[in-house]
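The values are calculated or read from the model by the stated rules, or taken from the named source; none is laboratory data. It should be emphasised that the depicted structure is a prediction, and the values quoted were computed from it without experimental measurement. Glycine also receives a Cβ, built like all others from the backbone with ideal geometry; neighbour counts cover every protein chain displayed. Quick note on the areas: whole protein, heavy atoms, side chains included, nothing else; ligands and nucleic acids left out. Shrake-Rupley method; radii C 1.70, N 1.55, O 1.52, S 1.80 Å.
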Amino acid sequence: RRFLVTGGTSGIGKATVEMLAKEGCTIIVHGRDAGRIRHIMDKFKRLYKDATFDGYEADLSLGREVREMAEMIRERHPVIHGILHNAASMDGSLSGKKTITWEQEEHTIAVNTLAPFLLTAELLPNLKASGAGRVLFAGTGAV
């Protein structure tokens, strides 16, 4: 089975990546930092030999990057059994000040609302191809 986990390099996302790796799944790991993505995938590859990984770096506050990532995933993974939307943000810097993205969207809304909607819409054919694809949203008060 094949799953996409956004925000897969820390917290709930990282724990989910490990849980899926224990089950021998293929995990599509999203993160904002290529080094952290590689570290997580390498670590869990060593621990869970039956799991396979594919990593993608993207800034979910930018629709352009969400679309580019979705296009690459769509081509490489024609069947996806589930998406866990775990990546989240609170104003982009935890400063409590409103932050606007390069695309002129409010940062928190772009990451927490627009990106999951866009990513799901872009990957809907891949989810449908599984016969029973699921979309889950995780949240935490720590954001």
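Things worth noting here:
- Summing charges over all other residues whose Cβ lies under 11 Å from the Cβ of ARG2, with Lys and Arg as +1 and Asp and Glu as -1, gives +1.
- On a per residue basis, the chain carries 55 Å² of accessible surface, using protein heavy atoms and a 1.4 Å probe.
- Residue among GLY63, GLY82, GLY131 with the largest mean-square fluctuation in a Gaussian network model of the chain, springs linking Cα atoms under 10 Å: GLY131
- Using alpha-carbon coordinates, inclination of helix 34-47 to the longest axis of the chain, degrees: 30 degrees
- Separation in nanometres of the label points that stand 7 Å from Cα toward Cβ, at ARG67 and ARG38: 2.9 nm
- In the chain, the calculated helix contribution to ellipticity at 222 nm averages -12500 deg cm²/dmol per residue, counting -39,500 (n - 2.57) for every DSSP H run with n ≥ 4.
- Surface share of carbon and sulfur [accessible, 1.4 angstrom probe, percent] for the chain: 53 percent
- Full extension of the segment from VAL135 to ARG76, taken as 0.36 nm per residue of separation minus the current Cα-Cα distance, would add 19.3 nm.
- Residue among ALA129, ALA51, ALA110 with the largest mean-square fluctuation in a Gaussian network model of the chain, springs linking Cα atoms under 10 Å: ALA129
- Extended-chain gain in nm, criterion 0.36 nm per residue less alpha-carbon gap, LEU47 and SER10: 11.6 nm
- For the chain, share of DSSP beta bridges that run antiparallel, in % to the nearest 5: 5 percent
- Cα pair distances of the chain binned at 10 Å [whole percent]: 12, 44, 34, 9, 1
- Farthest towards the positive end of the charge dipole of the chain, among the residues THR16, VAL29, THR108, is the Cα of THR16, using unit charges on the Cβ of Lys, Arg, Asp and Glu.
- Pairs of Lys residues in the chain, spaced 8 or more positions apart or belonging to different chains, with C-alpha separations under 20 angstrom: 7 in total.
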